[in-house]
Each structure stands twice: as structure tokens, then as C-alpha cells.
1. Which one is surrounded by the fewest Cβ atoms within 10 Å (Cβ to Cβ) among residues in region 8-47 that are small (Gly, Ala, Ser) and closer than 16 Å to Thr70 by Cα?
2. Counting just the residues of region 241-276 that are over 22 Å from the mean Cα position of the chain (by Cα) and within 12 Å of Val221 (Cα to Cα), which one comes out surrounded by the fewest Cβ atoms within 10 Å (Cβ to Cβ)?
3. Restricting to region 48-101, what's the tally of residues that are among the charged types (D, E, K, R), at pLDDT 90 or above and surrounded by fewer than 12 Cβ atoms within 10 Å (Cβ to Cβ)?
4. Scanning for something modelled with pLDDT under 95, crowded, with 17+ Cβ neighbours inside 10 Å and part of a strand (DSSP E or B), does region 375-384 turn up at least one residue?
5. Go through region 385-405 and report how many residues are modelled with pLDDT of 90 or more and assigned to a strand (DSSP E or B).
6. Given the conditions (1) of a type in the set (Ser, Thr, Tyr); (2) closer than 23 Å to Gly92 by Cα; (3) in a helix (DSSP H, G or I), which single one is not true for Thr368?
7. Which one is nearest to the chain's Cα centre (by Cα) among residues in region 60-110 that are under 30 Å from Thr29 (Cα atoms) and polar (S, T, N, Q)?
8. If you go through region 107-122, how many residues are outside any strand (DSSP E or B) and either surrounded by 10 or more Cβ atoms within 10 Å (Cβ to Cβ) or not assigned by TED's automatic domain parsing to the domain that holds Val329 (or both)?
Amino acid sequence: MRAIPAVEELLHRPGLASLGERVGRKFLTARVREVLAQIRGEIRAGKGDGAPADLSAAAIEDRVGQAVQTAAAYSLRSVINATGVILHTNLGRAPLSAEMLEHAAEIATQYSNLEFDLASARRGERDVHISGALSELLGAEAAIVVNNNAAAVLLTLNALAEGGEVIVSRGELIEIGGSFRIPEIMQKSGAVLREVGTTNRTRIGDYRKAVNENTRLLLRVHPSNFRITGFTERPSLEELVALGREKGVAVYEDLGSGCLLSLAAQGLREELPAGDSIAAGADVISFSGDKLLGGPQAGVIAGRKEIVSRIRRNPLFRALRVDKLTYAVLETTLLAYRQEQYHRIPALRMIQMSEAEIEGRARRLMETVAARPGGVEWEIVAGESVIGGGSAPGYSIPTRLIALRHGTRSAAVLEKQLLAHRPPVIARVEADAVLLDLRTVLPHQEAVLAEALRGLQ
């Protein structure tokens with residue numbers, strides 16, 4: 001322990017003194033203390049023998065330099081998603097296009113008319129930048145945005161049903177990622193949950209019997225990340241709307257992922273466009289911005305003007321509102337929808353990609369890597385991509401996969417090597433093979449992926 005150099009001694013070494021000028025003395029000092037604490041711990045644990053060579057100032061200086069490099073690196077960084085899960089929650093859900101970020105960068109690096117009406121030269125409302133586009137695309141009278149769909153649900157329930165009852169089917173009392181549970185969010189909102197029906201079968205008559213003078217909302221919840229099959233029954237949205245009109249109770253549909261166009265051609269027949277719910281008469285709907293919409297994290301609330309206005313006047317709206325960058329990215333996303341240029345939205349482009357296109361990309365990629373490089377065997381096999389993000393559970397999209405195997409190393413070892421690459425490559429492992437699905441690999445990432453695969457030789 002006595003052989004360990006002092007903090008000040010290390011800081012005055014020319015190399016570290018120069019490093020301190022670049023990264024800041026305080027930052028460097030913290031790294032020096034961290035390294036010295038690690039060395040003391042290693043000695044106590046018997047990992048270091050205390051030899052002068054191990055504890056020389058030069059050797060410790062090298063360790064400090066590595067510690068500075070590690071601490072100065074960003075924790076949040078890009079990865080290559082080769083899993084085939086398009087809206088991968090752990091990997092950031094929907095990727096954004098360069099076009100979306102260009103508009104956001106323009107807004108972020110300058111002042112903007114976020115809450116300034118250029119026509120009247122007076123204070124304006126930030127909603128105007130997206131409300132018109134959303135209303136047009138959804139066929140709704142009004143629309144606002146908060147920071148995610150969980151916030152949208154909380155705000156809507158609190159604004160429309162605090163102190164009153166909300167009727168919902170037992171089969172829709174779901175839990176999604178992050179322990180977001182409908183009963184608990186209902187309690188936090190101040191509304192009273194009124195369960196009706198059973199897990200697998202709920203009829204419109206169950207809702208009718210439950211309506212009373214305290215009823216504030218009829219709630220319909222998208223099943224999100226699960227499916228109940230077999231002996232099931234669920235009222236249609238039209239039936240709920242008819243009951244709501246009869247009883248004078250508003251109908252709210254939480255669509256979860258939500259989408260703006262039909263994806264039936266890709267087999268997602270149960271993921272109906274959000275505008276269909278408005279057309280069916282729902283008073284208010286909500287859905288996510290960074291799932292099937294393909295935009296930034298946000299929660300969209302749309303519906304009748306009187307109801308949306310009530311929600312917007314709620315004090316919680318200010319706590320849950322989004323910033324100028326979200327508005328900028330969302331505005332660009334919605335413009336692509338309005339112009340029917342869906343190829344400008346990466347998530348939609350991935351969903352609509354054909355098997356043949358993916359196989360062509362896979363073969364070209366492997367040809368650039370090399371034919372059967374150093375012990376690694378590869379083949380193109382049939383597989384399935386999934387939407388992810390709690391969207392379209394039970395549905396998959398046919399795809400083609402690159403299956404990698406090694407003569408002497410396990411798939412787990414290959415996976416670890418890919419994760420160690422910069423940027424890391426996230427793949428699937430099945431039947432002792434590493435599987436790469438190029439559906440979720442962005443075109444500009446293919447060259448980097450090829451480099452990572454060459455490193456497996």
C-alpha cells in the first residue's frame with residue numbers, strides 16, 4: 001500500500017497534466033482516485049502482488065488514461081439491430097430518419113416559434129405545430145401530444161373521470177412493459193375502476209348493467225402484447241359507442257401502439273388505423289408515437305374538440321407536455337404521412353420490405369465479407385421478423401436470415417464477439433447459430449456489419 005503513488009504525484013506527471021488540460025482537472029482527479037481505489041482493492045483481494053512494476057507511476061498513468069477514455073465515452077450509443085424485431089423496446093423502438101433529425105437540429109440550434117404566433121405577433125400554443133396534421137390524418141376534431149402513451153392514458157382518465165367510475169372489461173386489464181398496469185394507472189388518475197365481464201368473454205350487456213350515475217367513461221383497451229384465443233367474445237367499438245350515446249357517457253379507446261394506415265397487406269389485419277376508431281364514433285383515443293407511427297416517443301390524444309380541450313386544460317398537461325424537439329420530429333413524420341411518402345419512415349419501410357429484398361441484401365452482404373471466412377459457416381435460411389414494442393402480438397412477417405456457425409466456437413462466443421464490436425451488433429441465437437435479420441439493419445449500417453463479420457474469422 002505504501003508503494004502506491006499519491007494523487008498529487010500522479011497529477012503532476014507530464015502526461016496526466018496534459019490530459020487534465022483537455023478533460024479538466026476535476027474530472028481527471030476523480031479518475032485517478034478511482035484507479036487508486038481499484039488498486040487497493042486488488043491488493044486486498046490478493047489480485048496484485050505489490051511488485052514495483054505493478055505500482056509504478058507509469059503503469060498507473062496508463063490505467064488512468066484508460067479510465068478517462070471509458071468515463072468520457074457516451075453511455076447511450078448506437079447499435080446495429082440485427083434481431084428482426086422492428087420496434088425493439090430495449091433498442092429504442094422506432095428509428096428516426098436523417099430528414100426528421102435535420103428539422104430537429106434546425107429547431108434545436110436556433111430560436112423557434114414554439115409558442116409564438118407569427119401572424120398576430122402574440123403568444124401562441126405549441127399544439128398548433130401538429131394538431132392540424134393529426135386532425136387531418138385521423139379525421140378528428142382536435143389533437144394534442146404528451147410525452148408517451150402512458151402519460152396520455154393517465155391524463156385522459158384524470159381529466160375525464162377523476163372521482164367517477166370507468167367501466168372496462170376484465171379481459172382488458174393488461175400489464176405492459178415497465179409494470180404499467182391499467183388498474184394501477186386508473187387508481188393514480190383518481191378514477192374508480194369498474195370491472196365487467198370475464199377474462200375471455202365480455203358482452204355489451206355487461207357494460208349496460210354497470211352504467212350508473214357515477215359512470216364517467218366506457219374504456220376499451222388494446223390488448224397490446226398478448227392475445228386471448230378460443231372461446232372469446234368482445235363488444236365492437238360501434239356497440240360501445242351506441243351505448244355511450246344512449247347513456248350520455250363518453251367512450252375512450254386506448255389503442256396502445258396505434259397506426260395511421262392499414263398494414264393488412266403485411267398480415268397485420270387486427271392493427272386497424274387509428275382513424276377508424278374516430279370514424280366509428282369514439283369520443284377520444286390515444287396511442288404511441290414511437291411504435292407503429294414510426295416517430296418520436298410521444299402520446300397522441302385525439303377526438304372531439306370539447307373533450308380534447310378539457311384534457312388540455314388539466315394541470316397535468318403541462319407536466320406531461322413534450323418539448324420542441326419532439327414537435328419537430330413528429331411534424332416531419334406526419335408530413336410524410338400526409339404526402340403518402342411512407343418510405344420516408346424507417347419503421348414502415350422495414351415492415352413493408354419483402355423476403356426477396358431481404359435475401360438479396362443478405363447475399364450481397366456475405367459476398368462482401370468473404371466466402372466461408374476462417375472457420376465461420378453461413379447460409380441463408382427462412383425465418384420470421386416481428387413488430388415488437390407490444391404491437392401485433394402473435395403475428396410475424398416472413399423473412400430471410402443469415403445463419404452463422406463456427407466449427408470450433410459456440411454461437412454464444414460469436415454473439416459475444418459481435419457485441420464487443422463498435423458499434424455493437426445485436427443478433428439472435430437459436431439452435432447454436434447466430435441469426436442476423438437484415439430487415440432491421442439500416443442500409444448505411446451494412447458496411448459496418450460486414451466489418452464486424454470479418455472480425456469473426
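The values are calculated or read from the model by the stated rules, or taken from the named source; none is laboratory data. These figures come from a predicted structure and were not determined experimentally. Counting neighbours? That spans all protein chains shown, and the Cβs are built from the backbone with ideal geometry, glycine included.
1. Of region 8-47, the ones small (Gly, Ala, Ser) are 15, 17-18, 20, 24, 30, 37, 41, 45-46.
Going one step further and asking which of them are closer than 16 Å to Thr70 by Cα, we end up with 20, 24, 30.
Working: Gly20: 19, Gly24: 11, Ala30: 14.
If we take residues in region 8-47 being small (Gly, Ala, Ser) and closer than 16 Å to Thr70 by Cα, then Gly24 is surrounded by the fewest Cβ atoms within 10 Å (Cβ to Cβ).
2. Among them, the one singled out is Val251.
3. Taking region 48-101 as the starting set, the residues that turn out to be among the charged types (D, E, K, R) are 49, 54, 61-63, 77, 93, 99.
With at pLDDT 90 or above added as a condition, the list becomes 61-63, 77, 93, 99.
Add one more test, that the residue is surrounded by fewer than 12 Cβ atoms within 10 Å (Cβ to Cβ), and what stays is 77.
Total satisfying the criteria: 1.
4. Scanning region 375-384, I find at least one residue that is modelled with pLDDT under 95, crowded, with 17+ Cβ neighbours inside 10 Å and part of a strand (DSSP E or B), so the answer is yes.
5. Residues in region 385-405 being modelled with pLDDT of 90 or more and assigned to a strand (DSSP E or B): 11 in total.
6. The failed condition is (2).
7. Just the residues of region 60-110 that are under 30 Å from Thr29 (Cα atoms), to begin with: 60-78.
Among the residues that remain, those that are also polar (S, T, N, Q) are: 66, 69-70, 75, 78.
On the way: Gln66: 32, Gln69: 29, Thr70: 26, Ser75: 17, Ser78: 14 Å.
Filtering first and then ranking leaves Ser78.
8. Filtering region 107-122 for residues outside any strand (DSSP E or B) gives 107-115, 118-121.
After this cut, where a residue has to be either surrounded by 10 or more Cβ atoms within 10 Å (Cβ to Cβ) or not assigned by TED's automatic domain parsing to the domain that holds Val329 (or both) as well, the list is 107-108, 112-115.
Result for region 107-122: 6.
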